[in-house]
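The values are calculated or read from the model by the stated rules, or taken from the named source; none is laboratory data. All of these numbers come straight from a predicted model, not from anything done at the bench. Ideal geometry is used to build each Cβ from the backbone, glycine not excepted, and the neighbour counts take in all protein chains shown.
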Amino acid sequence: MASSLLLLSPAQLAGSWTFYPQDDATHRCTVQLVAEHKTFNSEVKCLKTWLGEVPKSWSPTPDGIYLMGPDGTALVHMNRIEPGHYEAQVKTETVLVMVRNPE
């Protein structure tokens, strides 16, 4: 039987998330995804370390979340591993992990 992925709404994805490299969970940053206009709080600057630039917006996809740059192009696609857990290969040896923080 085929399964289909559900597109989560911005409201479902909004909230507090922690990002860190898979091999170093101590090097982490917490970012708020804001549903209105699909933006971030000011702490998003910490993602420049791994992405090379600061994302300005985000967009849900059926299998994850795109983090997009100031010109609207995708910086990275965070692949959904399980609900509340996303990962993306951002450098040759770096997997960036994104996990939802408990409320």
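The single condition from (1) modelled with pLDDT under 95; (2) part of a strand (DSSP E or B); (3) of a type outside the set (S, T, N, Q) that P70 fails is (2).
How many residues does the stretch 43-59 contain that are assigned to a strand (DSSP E or B) and surrounded by fewer than 19 Cβ atoms within 10 Å (Cβ to Cβ)?
Going through the stretch 43-59 one residue at a time, the tally reaches 2.
Applying the criterion of being among the aliphatic types (A, V, I, L, M) and free of Cβ contacts under 8 Å to residues at least 24 places away in the same chain to the residues of the stretch 26-42, the residue that is surrounded by the most Cβ atoms within 10 Å (Cβ to Cβ) is V31.
Select from the stretch 24-49 the residues that are under 16 Å from L96 (Cα atoms), in contact with a Phe, Trp or Tyr (Cβ under 7 Å, 6 or more places away or on another chain) and not β-branched (V, I, T) and list them in ascending order. Hits for the stretch 24-49 are H27, R28, C29, L47. Out of everything in the stretch 60-99 that is among the polar types (S, T, N, Q) and surrounded by 12 or more Cβ atoms within 10 Å (Cβ to Cβ), what residue ends up being farthest from the chain's Cα centre (by Cα)? The residue in question is T94.
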